[in-house]
Structures are given as structure tokens and as C-alpha cells.
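As C-alpha cells, the structure follows; a few thoughts come after it.
The values are calculated or read from the model by the stated rules, or taken from the named source; none is laboratory data. All of these numbers come straight from a predicted model, not from anything done at the bench. FYI the Cβ positions are ideal-geometry reconstructions off the backbone, even for glycines, and counts take in every protein chain you see. Calculation scope for accessible area: heavy atoms of the full protein, side chains included, ligands and nucleic acids excluded. Shrake-Rupley method; radii C 1.70, N 1.55, O 1.52, S 1.80 Å.
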Amino acid sequence: MSSDPAIGLKLGTEPRFERNHPTSIAAVCSRSFGDALQRIARYKQLTCPEEIRVRRKAQETSVEFFYLEAREPQPDVLVDMVLSWILSVGRHGTDGQITPLRVDLARPAMHRALLESHFGCRVRFKAHRNVLIFRSSDLDLPFVTHNEELLAVIGTHVESELKVHNASVNVGQQVKETLSRTMAGKRPTLQDVAKELGLGARTLQRRLTDAGLTLQQLVEDTRRELARHYLKHSNVELNEIAFLLGFADANSFFRAFQLWEGTSPGEWRTRFCARAVEEHL
């Protein structure tokens with residue numbers, strides 16, 4: 001309802017520690033910025049059907065929010081709030097030492113000066129996704145707010161809640177959600193997935209077998225769903241989609257997509273866009 005263009009940025013910057021959600025407190029008490037991001041991504045699933053995907057490469061690390069049940073574009077205020085919150089945690093923990101490399105926003109150019117002043121970096125509009133990008137070296141910066149005792153108390157409680165939450169979720173869905181977060185640039189193994197879920201590899205394999213599922217099947221299902229999502233809702237280059245889906249190269253992605261849909265990714269995107277225009281008219 002606010003007419004203030006900075007309302008999202010303000011909502012994402014909470015200076016009073018006692019008002020923070022336990023997830024934020026655990027993040028600020030972490031050892032480093034990278035540790036904080038991993039905790040945020042792990043614990044955020046307790047609050048809503050949302051994922052925070054942290055992708056670390058050699059030079060750059062991106063932080064992106066996904067709303068698993070949303071069908072409409074992300075509201076600008078929400079994007080401003082969550083990206084500002086991530087930066088606020090980093091700045092709080094490092095005593096202001098972190099400045100992003102850039103912010104990519106899907107919206108048309110507006111309020112550039114306001115956003116660049118807040119984030120302290122260049123903002124690129126009309127991007128294919130809403131993402132905050134840091135130097136990968138920033139993830140190794142230690143937190144001056146690190147508090148092992150408080151972290152142990154909060155972490156034990158939140159991990160207990162997470163265990164109950166995970167037990168109530170279908171194992172196949174758990175694995176697919178984990179795959180969607182971790183397959184960028186690689187094909188996760190059973191051991192990788194089990195570690196993310198806080199399980200032993202044998203335990204996860206037993207649960208999959210009991211449910212009549214295989215990791216191979218879930219990898220293929222997840223890749224197909226994500227491929228359709230990226231082709232429908234973004235302008236991501238096909239080579240980048242191949243990387244995000246964990247394929248060794250673009251040709252492997254093209255062959256797999258041909259088997260799934262009976263056509264090439266480029267042709268499928270063209271047809272979808274044409275249908276969307278016709279429905280709009």
C-alpha cells in the first residue's frame with residue numbers, strides 16, 4: 001500500500017537484532033558470510049515454500065530466491081526486501097565490509113539512483129532473473145558477530161524443527177527440491193543429496209526404494225521441470241540452462257530435451273511464446 005519506492009529496501013533492513021527471526025539470528029551468529037548464506041538457505045524452508053539458491057563460482061557467487069508455488073512474477077517490493085535482507089546480514093556480520101558486485105533485476109529501469117545507493121553497486125535492469133551477486137572471496141570473510149554459544153542454542157532448536165518438517169514431506173519432493181538447489185554445474189550424487197538432507201546415504205537409498213523411486217528418475221524429472229520453467233519464464237541462454245541443469249555440455253541438454261519434448265529447446269520456447277501472445281490477444 002505504500003507509495004514509498006524504498007519501502008522494500010527498508011523492510012529488508014532491520015537494525016534491531018531482537019526483532020529478527022531465529023533464522024536471521026543464526027545467520028548473524030555464523031562464522032563467515034558463506035556459512036551464514038548456507039544457514040539461511042537451509043532454514044528458510046521452515047517459514048514458507050521458498051528456496052534460496054546460492055551458486056558459488058570461482059569469481060562470483062549469486063543469491064537468488066525461488067517461490068515454489070508462485071505462478072505470477074515476483075513483486076518488486078518483495079524482491080527489494082529479500083535481496084536487501086541478504087545484504088543486511090552480510091554487512092551486519094562483517095561490520096560493513098561487504099559490497100555486492102551488482103544486482104540483476106527483471107523489472108524495467110526505475111529508481112536506479114535509489115537502488116544503486118542502497119546496494120552500493122551497479123544495478124542491471126531487464127535481466128532474466130532477480131539476483132544479488134557477490135565476489136566469491138567475500139564468502140570467506142569472518143563475522144565479527146560470531147557467537148558459538150548462541151548459535152548452538154538456536155541451531156539445535158531450528159535443526160529439530162527442520163527434522164520434523166523434512167519427515168513430513170514426501171521423500172521424492174525433498175530430493176527434487178535439493179536437486180534443484182544443487183545441480184548447477186554438476187550432477188549431484190546420492191551422497192551429495194543425502195548430506196544436504198542431513199541423512200546417511202543408505203538411509204536415503206532405503207527411503208527411495210520404499211517409495212518406488214530412483215535418484216536417476218528424480219534427476220530426470222527435476223531437470224525436465226526446471227528446463228520448462230527456465231524456457232517459459234526467463235530469457236536464460238540455452239547454454240546457461242544446460243549448466244544450471246548440471247549437464248556436461250549444451251549438446252547433452254539438447255539431446256535430453258529432444259527425448260522429453262520431441263523438439264529442441266529453442267523451438268519449444270518459440271512455440272510457448274507464440275501461444276502466450278495468442279492467449280493474451
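For the reader, a short list of remarks on this structure follows.
- For region 93-151, chymotrypsin sites (Phe, Trp or Tyr not before Pro) are listed when DSSP marks them as loop and at most 12 other Cβ atoms sit within 10 Å of their Cβ; the list is empty.
- The residues of the chain have, on average, 53 Å² of accessible surface per residue, using a 1.4 Å probe with all protein chains present.
- Rg ratio (alpha-carbon, reference 2.2 N^0.38 Å) - the chain: 1.05
- Our helix-only sum for the chain, with -39,500 (n - 2.57) per DSSP H run of n ≥ 4 divided by its residues, gives a mean residue ellipticity at 222 nm of -17000 deg cm²/dmol.
- Straight-line cross-link partners of Lys176 among the lysines, defined as a Cα under 30 Å from its Cα and at least 8 positions apart when in the same chain: Lys44, Lys57, Lys126, Lys163, Lys186, Lys195, Lys232.
- Here region 43-202 was treated as a single set of alpha-carbon atoms; its pair distances binned every 5 Å from 0 give 1, 7, 14, 18, 18, 19, 13, 7, 3, 0, 0 percent.
- Cα-based shape type of region 3-117, given that a ≥ b ≥ c are square roots of the gyration tensor eigenvalues and the cut on a/c is 1.5: rounded
- Convex hull volume per residue, computed on the Cα atoms of region 180-281, equals 113 Å³.
- In the chain, the DSSP beta bridges split such that about 85 percent are antiparallel, to the nearest 5.
- Apportionment of accessible area to carbon and sulfur, the chain, percent (1.4 Å): 52 percent
- Farthest positive-ward along region 205-281 dipole, Cα basis, beta-carbon charges - from Thr214, Phe243, Tyr230: Thr214
- Loop-resident GluC sites (Glu not before Pro) (DSSP state other than H, G, I, E or B) in region 43-136 with no more than 16 further Cβ atoms inside 10 Å of their Cβ: Glu69.
- Working note: Cα gyration tensor of region 68-132, eigenvalues times five, square-rooted, sorted largest first, giving semi-axes of 21, 15, 9 Å.
- Given +1 at the Cβ of Lys and Arg, -1 at the Cβ of Asp and Glu and no other charges, the dipole of region 107-196 around its Cα centre is 840 debye to the nearest 20.
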